[in-house]
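Student: This is the structure, below, for whatever I ask next.
The values are calculated or read from the model by the stated rules, or taken from the named source; none is laboratory data. All of these numbers come straight from a predicted model, not from anything done at the bench. Cβ coordinates were reconstructed from backbone atoms using ideal geometry, including for glycine residues, and neighbour counts include every protein chain displayed.
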Amino acid sequence: MTALVFLATLLGLIMIGLPIAFALMYAGIALMLVTGQFDSQIVVQNAIAGADNFVLMAVPFFILAGEFMNAGGLSKRIVDMAGAFVGHLRGGLGYVAIFAGILLASLSGSAVADTAALAAILVPMMRQAGYNPARACGLMAASGIIAPVIPPSIGFLIFGVVANVSITRLFLAGIVPGVLMGLFLITAWWIVSHRQQVAVSPRVPWSHRLPLLGKGIWALMLPVIIIGGLRFGIFTPTESAVVAAAYALFVGLVVYRELTWGTIYECLLTTARTTSVVLLLAALAMIASYMITITDISGQVGDWLTTLSDNPMVLMAAMMVVVFFAGMVLDFIPVVLIFTPVFMPIVKAADIDPVYFGVVFIMNCSIGMITPPVGVVLNVISSIGKVTLAQAARGIAPFLLALVLLLVALIVYPPLVTVPAQWWR
């Protein structure tokens, strides 16, 4: 009964256009009223506790690092460097997008920021070279959603806070799955690009590659610093976010000299706006999370899932199917905030590794960002690439299929996540 009340209230409020943060709050309050436990002090205390978390301080700094990266020229150097090494292949600009997407993912952790940076640079070049615009936009969007899986990841930060799972372990466990996303996209692009008649760029000689590599090395050092610092315990995930922002500011201001005081102000303003949305969601979602725990909704969902099977793999598949369809109508962070408190007790009861679950869960949430009709990255690429949403959805189809196949592979064979994660310990 309580699960039905929560779901009906949440979906009903979302359907009438209420912002998701407030829909989560009112869904929690609805549970309080139904169970006779309404107390305004509990509402306020949980909202404050949701935002008053040291780890969440990493969110604005990683967002700021991404803004500095794009405004300071790090993104452009990454794309130029990738183009110098793989741009001459058939479908070369597509490979540039994938390789640049992987590299950018290790810098910012924001799918929207990475997609916007890639699309602004590469979509006009791909149009001019004769690529199908919708297919090019689809590839750009699929490459952009690698960002929440490869550290630093804002998704892992939020999941780690809500689920009480080590964020450092999540970061390190996401590296190999994120690279696998790139490899699956390369395979899909190889199949797709051989059906297109496009201009092939000339091979860039080593005399030109090396200077581009030298310019891009400053950008490549950022993931090395972050991952190395986490692996050897030099700093925490929160401190790594500050290091990332400071490093991106230094490179953009002193090395590349593309940041100005005006662009720094714009970066700070954009970061403040984005952070306010994320932290408001985190704060008000805590009210719903508290009532989900009190009313044992996760236990009700768990009982329903165990009627299907008590096999951990089948349970994992069932949870991921629910998340996939939720991702079609909800944005990334709301999916994480809604389903993490529901599924974590089930995960622990089924003896599923919480870090493994977190990696697959966040990858699934990322895929939701490119699934119509709500997919935020799909809407971003549609706007920047100047194609309709329907065209972008058709263009992304083969890459969406490739990522879903990878998701299935990770569910069927968990060692793809768990074994590489042991390497970093």
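Student: Of all residues in the range 170-187, how many are surrounded by fewer than 23 Cβ atoms within 10 Å (Cβ to Cβ) and over 20 Å from Phe357 (Cβ atoms)?
Tutor: The total comes to 5.
Student: Can we say Ala241 is within 22 Å of the chain's Cα centre (by Cα), crowded, with 20+ Cβ neighbours inside 10 Å, among the hydrophobic types (A, V, I, L, M, F, W, C) and assigned to a helix (DSSP H, G or I)? Write out each step before concluding.
Tutor: Values: within 22 Å of the chain's Cα centre (by Cα): yes; crowded, with 20+ Cβ neighbours inside 10 Å: yes; among the hydrophobic types (A, V, I, L, M, F, W, C): yes; assigned to a helix (DSSP H, G or I): yes.
In short, yes.
Student: Could you tell me which numbered condition Glu67 fails, if it satisfies all but one of (1) in contact with a Ser or Thr (Cβ under 9 Å, 6 or more places away or on another chain); (2) assigned to a helix (DSSP H, G or I); (3) farther than 30 Å from Ala23 by Cβ?
Tutor: (3)
Student: Those residues that are more than 13 Å from Met369 (Cα to Cα), more than 8 Å from the chain's Cα centre (by Cα) and hydrophobic (A, V, I, L, M, F, W, C), I need them from the range 138-155; list them, please.
Tutor: Residues satisfying the conditions are Leu139, Ile150.
Student: If a residue has to be outside any helix (DSSP H, G or I), among the small types (Gly, Ala, Ser) and under 25 Å from Val377 (Cα atoms) to count, how many in the range 300-335 make the cut? Before the answer, list the steps.
Tutor: As a first pass, look at the range 300-335 and keep what is outside any helix (DSSP H, G or I): 309-311, 328-331.
From what's left, among the small types (Gly, Ala, Ser): 309.
Add one more test, that the residue is under 25 Å from Val377 (Cα atoms), and what stays is none.
Qualifying residue count, the range 300-335: 0.
Student: A follow-up question, please. Quick check, is Ala30 modelled with pLDDT of 80 or more and either in a helix (DSSP H, G or I) or more than 20 Å from Ile297 (Cα to Cα) (or both)?
Tutor: Values: modelled with pLDDT of 80 or more: yes; either in a helix (DSSP H, G or I) or more than 20 Å from Ile297 (Cα to Cα) (or both): yes.
So Ala30 fits the description; yes.
Student: Collect the residues in the range 248-299 that are in a helix (DSSP H, G or I), without any contact (Cβ under 8 Å) to a residue 12 or more places away in the chain and more than 23 Å from Leu24 (Cα to Cα), keeping them in residue-number order.
Tutor: Answer for the range 248-299, where residues must be in a helix (DSSP H, G or I), without any contact (Cβ under 8 Å) to a residue 12 or more places away in the chain and more than 23 Å from Leu24 (Cα to Cα): Phe250, Val254, Trp261, Gly262, Tyr265, Leu269.
Student: Follow-up question, since we're still on this one. Considering only residues that are under 26 Å from Val254 (Cβ atoms) and crowded, with 21+ Cβ neighbours inside 10 Å, which ones fall in the range 44-59? Steps first, please.
Tutor: Restricting attention to the range 44-59, the residues satisfying the condition of being under 26 Å from Val254 (Cβ atoms) are 57-59.
Listed by number, the residues that qualify are Ala58, Val59.
Student: With the requirement that a residue be surrounded by 14 or more Cβ atoms within 10 Å (Cβ to Cβ) and either outside any helix (DSSP H, G or I) or in contact with a Cys (Cβ under 7 Å, 6 or more places away or on another chain) (or both), what does the range 17-27 give you?
Tutor: Leu18, Pro19
Student: Here is a further query. If you take the residues of the range 250-268 that are of a type in the set (Val, Ile, Thr) and in contact with a helix residue (DSSP H, G or I) (Cβ under 7 Å, 6 or more places away or on another chain), which of them is modelled with the highest pLDDT?
Tutor: At the first step, the residues of the range 250-268 found to be of a type in the set (Val, Ile, Thr) are 251, 254-255, 260, 263-264.
Cutting the leftovers down to in contact with a helix residue (DSSP H, G or I) (Cβ under 7 Å, 6 or more places away or on another chain) gives us 251, 255, 263.
Numbers: Val251: 86, Val255: 85, Thr263: 90.
Here the residue is Thr263.
Student: Among the numbered conditions (1) more than 24 Å from the chain's Cα centre (by Cα); (2) without any contact (Cβ under 8 Å) to a residue 24 or more places away in the chain; (3) surrounded by 14 or more Cβ atoms within 10 Å (Cβ to Cβ); (4) not in a helix (DSSP H, G or I), tell me where Phe235 comes up short.
Tutor: Condition (1) is where Phe235 drops out.
Student: List pairs: first residue in the range 347-368 and aromatic (Phe, Trp, Tyr), second residue buried (at least 21 other Cβ atoms within 10 Å of the Cβ) anywhere in the structure, Cβ distance under 6 angstrom, at least six positions apart or on different chains.
Tutor: Filtered contacts from the range 347-368: Tyr356/Val417; Phe357/Val347.
Student: Then there's this: Would you mind stating whether Phe339 is modelled with pLDDT under 90, closer than 23 Å to Ala27 by Cβ, of a type in the set (Phe, Trp, Tyr) and touching a helix residue (DSSP H, G or I) at 6+ places or on another chain (Cβ under 9 Å)?
Tutor: On the way: modelled with pLDDT under 90: yes; closer than 23 Å to Ala27 by Cβ: yes; of a type in the set (Phe, Trp, Tyr): yes; touching a helix residue (DSSP H, G or I) at 6+ places or on another chain (Cβ under 9 Å): yes.
Yes; evaluated as a whole, the condition is true for this residue.
Student: Select from the range 225-275 the residues that are small (Gly, Ala, Ser) and within 24 Å of Arg77 (Cβ to Cβ) and list them in ascending order. Give the derivation first.
Tutor: Here is the first cut: in the range 225-275, the residues small (Gly, Ala, Ser) are 228-229, 233, 240-241, 244-246, 248, 252, 262, 272.
Once the filter is applied, which keeps residues that are small (Gly, Ala, Ser) and within 24 Å of Arg77 (Cβ to Cβ), the range 225-275 yields Gly228, Gly229, Ser240, Ala241, Ala244, Ala245, Ala246, Ala248, Gly252, Gly262.
Student: Further, regarding this structure: Being modelled with pLDDT under 85, surrounded by fewer than 18 Cβ atoms within 10 Å (Cβ to Cβ), touching a helix residue (DSSP H, G or I) at 6+ places or on another chain (Cβ under 6 Å) and closer than 30 Å to Val301 by Cα, is that true of even one residue in the range 363-373? Please lay out each step first, then the result.
Tutor: Filtering the range 363-373 down to residues modelled with pLDDT under 85 leaves 372-373.
Then drop every residue that is not surrounded by fewer than 18 Cβ atoms within 10 Å (Cβ to Cβ), which leaves 372-373.
Narrowing further to those that are touching a helix residue (DSSP H, G or I) at 6+ places or on another chain (Cβ under 6 Å): 372.
Keeping just the survivors that are closer than 30 Å to Val301 by Cα gives 372.
Within the range 363-373, one or more residues are modelled with pLDDT under 85, surrounded by fewer than 18 Cβ atoms within 10 Å (Cβ to Cβ), touching a helix residue (DSSP H, G or I) at 6+ places or on another chain (Cβ under 6 Å) and closer than 30 Å to Val301 by Cα.
Student: Select from the range 5-16 the residues that are at pLDDT 80 or above and surrounded by fewer than 17 Cβ atoms within 10 Å (Cβ to Cβ) and list them in ascending order.
Tutor: If the condition is that a residue be at pLDDT 80 or above and surrounded by fewer than 17 Cβ atoms within 10 Å (Cβ to Cβ), then Ala8, Gly12, Met15, Ile16 are the ones that fit.
Student: Would you be able to tell me the number of residues in the range 14-52 that are over 21 Å from Val336 (Cβ atoms) and hydroxyl-bearing (Ser, Thr, Tyr)?
Tutor: 2
Student: If we keep just the residues of the range 389-407 that are more than 17 Å from Thr115 (Cβ to Cβ) and more than 20 Å from the chain's Cα centre (by Cα), which is surrounded by the fewest Cβ atoms within 10 Å (Cβ to Cβ)?
Tutor: Ranking the candidates gives Ala390 first.
Student: (1) within 16 Å of Val323 (Cα to Cα); (2) not in a helix (DSSP H, G or I): which one isn't true of Ile367, the others all being true?
Tutor: Tallying (1) within 16 Å of Val323 (Cα to Cα); (2) not in a helix (DSSP H, G or I), Ile367 fails exactly one: (2).
Student: Inside the range 74-96, can you point out the residues that are within 21 Å of Ile63 (Cα to Cα) and either among the small types (Gly, Ala, Ser) or modelled with pLDDT under 75 (or both)?
Tutor: Step one: list which residues in the range 74-96 are within 21 Å of Ile63 (Cα to Cα), which gives 74-79.
Scanning the range 74-96 gives a single hit, Ser75.
Student: Filtering the range 374-388 down to residues that are not in a helix (DSSP H, G or I) and not β-branched (Val, Ile, Thr), which residue is surrounded by the fewest Cβ atoms within 10 Å (Cβ to Cβ)? Talk me through it step by step, then tell me what you get.
Tutor: Step one: of the range 374-388, the residues not in a helix (DSSP H, G or I) are 374-375, 386-388.
Among the residues that remain, those that are also not β-branched (Val, Ile, Thr) are: 375, 386.
Working: Gly375: 27, Lys386: 14.
Checked the range 374-388; the qualifying residue surrounded by the fewest Cβ atoms within 10 Å (Cβ to Cβ) is Lys386.
Student: Identify all residues within the range 151-170 that are touching a Leu at 6+ places or on another chain (Cβ under 9 Å) and β-branched (Val, Ile, Thr); write none if there are none.
Tutor: Listed by number, the residues that qualify are Ile158, Val161, Val162, Ile167, Thr168.
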